[in-house]
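One structure below.
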Amino acid sequence: MTLFKRAKAAQSAPSAPTNQASLAELALFTIHDGVIITDAAGTIRYINPAALSMLDLKSINNAIGFDYAILLKIEAKEGRELPDAENLLYQAMRTGQPLDGYQASLIVGNSAKRLPIAISVIPAAANNRIITFRNITRELAEEGEQTEFISTASHEMRTPVASIEGYLSLALNPQTATIDERARGYLESAHAAAKHLGHLFQDLLDVTKLDDGRIRPQFVPVELVGLVKQIADSFIVAANQAGLKYQFGARDNSPAAPAHHLDQVVYGFVDVNFMREIISNLVENAIKYTPEGGAIYVNVRGDGDRALINVTDTGIGISADDISHIFQKFYRADNSDTRTVGGTGLGLYLVKQRVEAMGGRVWAESGFGEGSTFFVSLPRITSAEYEKRMIAVRNANMVKQGGLQ
Ligand code: ADP
């Protein structure tokens, strides 16, 4: 049947609703997205069949009048427990702020089944909230195929690029080859481009590793001030070579500054390799984008239930237009100051990806020509929790060692 004939048939069917309200109801009844409408307190007033089915509920009587949070339970996308402070759905419902396409894992009923979903919350008239959520299993599978393709291609291309780079190095080395001055210029450009390509493939491999599940965060309890200091301090030589001052700790060292800032201990539950990648990328960028004579400051402090890390520089800064894009894949601010600095535009994407996998948030504050501060906020644990988790780690290690004997 042609589209036109089908439309005609639908119009003339005797049971087809015609008024706007019934048509809207028909749409809500038929769509595959789950729709729940609650009042300001979160009590469910409406639920459509798709939502019932995704939540594995038999009838609307098991939903209407219930608190949405009892039925719509979620975990982090990576299958990690989601404390209330990190649960953006709870926050949007509590504050009445909109939420758009938040990806999470839906805990289906009381079963072990998990469904990847994207959730939105739309504040509606009379303080009602409309929650919509859709199953994103297929989208994730397609994304996964794409990621796998990129990662395989990068892996395969890295080897020939390394070989090109190696031969160009040989050609440029006076001990292994003789070339005229004009050829040297061309080969130096080719060498720089081959090196750039090598970095690009390595960065692509690194960003796809988390997306395709080849790596998962390995959470361990750590003291963050010491960890961040150790990673950032490894760039002291590079910073000094670039003619930059480097300082770890509170920037204000005047006697009036509160003393506890200097030796505060801040505990976190993080993946140490992710932390290394995050801090290294941010400090490397601070060095890259700060002209000689500038300074870099790194600090960690506790801020309620969050740990707040900052990497600050006095460099070229980022314009208001660019700042909202810098965490996107391949985005590089294009101006005369950045054009001469090599990069792939993947570093900050990787930082964001790793920070979010640990339940954190990253953002930048800057103005063009005014230096930049990158903030990383991570969930913080108390010293009692740290001790408890350390004991669990030690016990697990003892069991492992015992098992090896
Ligand atoms: P790149 O490899 O280009 O450095 P990133 O993803 O690390 O890629 O950074 C993206 C862009 O953000 C950079 O190209 C640069 O324009 C801007 N940027 C990042 N860090 C800084 C900084 N500390 N100061 C100024 N601009 C920065």
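The values are calculated or read from the model by the stated rules, or taken from the named source; none is laboratory data. Since we're looking at a predicted model, the values are computed, not measured. Cβ sites come from the backbone with ideal geometry, for glycine too, and all protein chains shown count toward neighbours. Side chains are part of the model used for accessible areas, which takes the heavy atoms of the whole protein and leaves out ligands, DNA and RNA. Shrake-Rupley method; radii C 1.70, N 1.55, O 1.52, S 1.80 Å.
Values as computed for the structure displayed
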quantity	calculated
The chain: DSSP helices with Cα axial extent of at least 27 Å and average Kyte-Doolittle hydropathy no lower than -1.0	137-172, 181-211, 383-404
Cβ charges +1 (Lys, Arg) and -1 (Asp, Glu), total dipole of the chain, debye	1040 debye
Whole-percent carbon and sulfur share, accessible surface of the stretch 139-211, 1.4 Å	58 percent
Longest exposed-site-free window of the chain, the sites being GluC sites (Glu not before Pro) in a DSSP loop that have at most 10 other C-beta atoms within 10 Å	82-291
Eligible aspartates and glutamates near Lys388 by straight Cα distance, threshold 19 Å, same-chain separation 8 or greater	Glu81, Glu223, Asp271, Asp305
Solvent-accessible area per residue for the chain (1.4 angstrom probe, square angstrom)	57 Å²
Lysines whose Cα lies under 21 Å from that of Lys229, excluding same-chain neighbours fewer than 8 positions away	Lys245, Lys288, Lys352
Proximal charge balance of Ala320 [Cβ under 13 Å; K/R count +1, D/E count -1]	-4
Candidates Arg182, Arg138, Arg45, ranked by Gaussian network fluctuation over the chain, Cα under 10 Å, top entry	Arg182
Alpha-carbon centroid distance for the pair the stretch 199-246 / the stretch 29-76, whole angstrom	42 Å
DSSP bridge pairs, the chain: antiparallel proportion in percent, nearest 5	95 percent
In nm, spacing of pseudo-spin labels at Trp363 and Ser189 (7 Å Cα→C-beta vector)	4.3 nm
